[in-house]
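First the structure, in the form of structure tokens, and then the observations on it.
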Amino acid sequence: MSTVQMKQPRTKKPLVHVLLSAGLLVMSAPFLWMALSAFKTDKELSASPPVWLPSEWTLSHFTQLLDKLDMPLYFMNSVIVAVLVTVSNLVFCSMLGYALAKLKFVGRNKIFALVLGALMVPGNLMLLPLFVLMSKLHLIDSYAGLVLPFAAGAFGVFLMRQFMQSIPDELLEAARMDGAREWYIFWRIVMPLVKPALATLSIITFLGSWNNFVWPLIATNSPDKYTLPVALATFATDPNQSAGSNGMLMAGSLLVVLPVLLVFAVLQRHFTQGIATAGMK
């Protein structure tokens, strides 16, 4: 009986690896197709049956895209908006998460219940009120109008609050007894301890802001404020520009995805640790 139990994990292990590899291949196939298609010629893009690996690698689609679209401007717009949204979420969500986790004040539980309730509200339901509010504040077609509605999110507050609960109260009380102010405790003691959670929130927020399409589409009027997804979608739906431009669309999509992959590659270790330990106490 013990021999069978000892051998069971060994027989299951290769099967698990095969299943995981197959799942990875299925999930990554669309991205691989897009990335390879960006370097194919127009003839290979329209070939039947489809050609996976290009026989002639070309950068012509990237050069054509740069000629037709002001990609550096749209790329910079996306970077500015995504970075500002990410930084503001790290600051504000951490502050509120710390207050809900470690400070005692009247109405704390009600505020946390409000945060949980906000998590259940569909994001698209808030688009109309946000648009009206930004219009009243004269922030439509501006960076502020793209950033302020997402400067703090309910999920970020929930994540930081759950993670900060794992910090021992005795550590904070010892700092207070030594005369440390609350602001000092937050920045010098708490924030260094929650780096995995900050990395997790950074990736999730940056990814959501970078790929955000609906709000930048309705909150911008002039092309010089377009972000990359909006500019690429506008180009794809314009028959005068996008006719026969599948290669350019693949190249543009690859340019949109690469920064997100770079951010994830840099922070993936902290991201995994943050997801694994969030909520533990």
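Key figures
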read-out: Loop-located trypsin sites (Lys or Arg not before Pro) in the range 133-230 whose Cβ has at most 16 other Cβ within 10 Å (DSSP); value: 181
read-out: P(r) weight above 12 Å for the range 74-117, C-alpha pairs, percent; value: 68 percent
read-out: Ranked list, fewest to most other Cβ atoms within 10 Å of each Cβ, for 76, 250, 160; value: 76, 250, 160
read-out: Filter on 110/195; 104/195; 43/225; 40/68; 40/195 - keep pairs with C-alpha separation over 30 Å; value: 43/225; 40/195
read-out: For q = 0.07 Å⁻¹, Debye-computed log10 I/I(0) when each Cα of the chain counts as one equal scatterer; value: -0.39
read-out: Rel. contact order, % - alpha carbon contacts under 8 angstrom, at least six apart, the range 62-277; value: 34 percent
read-out: For the chain, calculated [θ]222 nm from helices alone, where every DSSP H run of n ≥ 4 adds -39500 (n - 2.57); value: -22500 deg cm²/dmol
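Rule-based calculations on the coordinates, nothing more; no lab input. None of these values were measured; they are calculated from a predicted model. In this analysis, Cβ positions are derived from the backbone assuming ideal geometry, glycine residues included, and neighbour counts consider all displayed protein chains.
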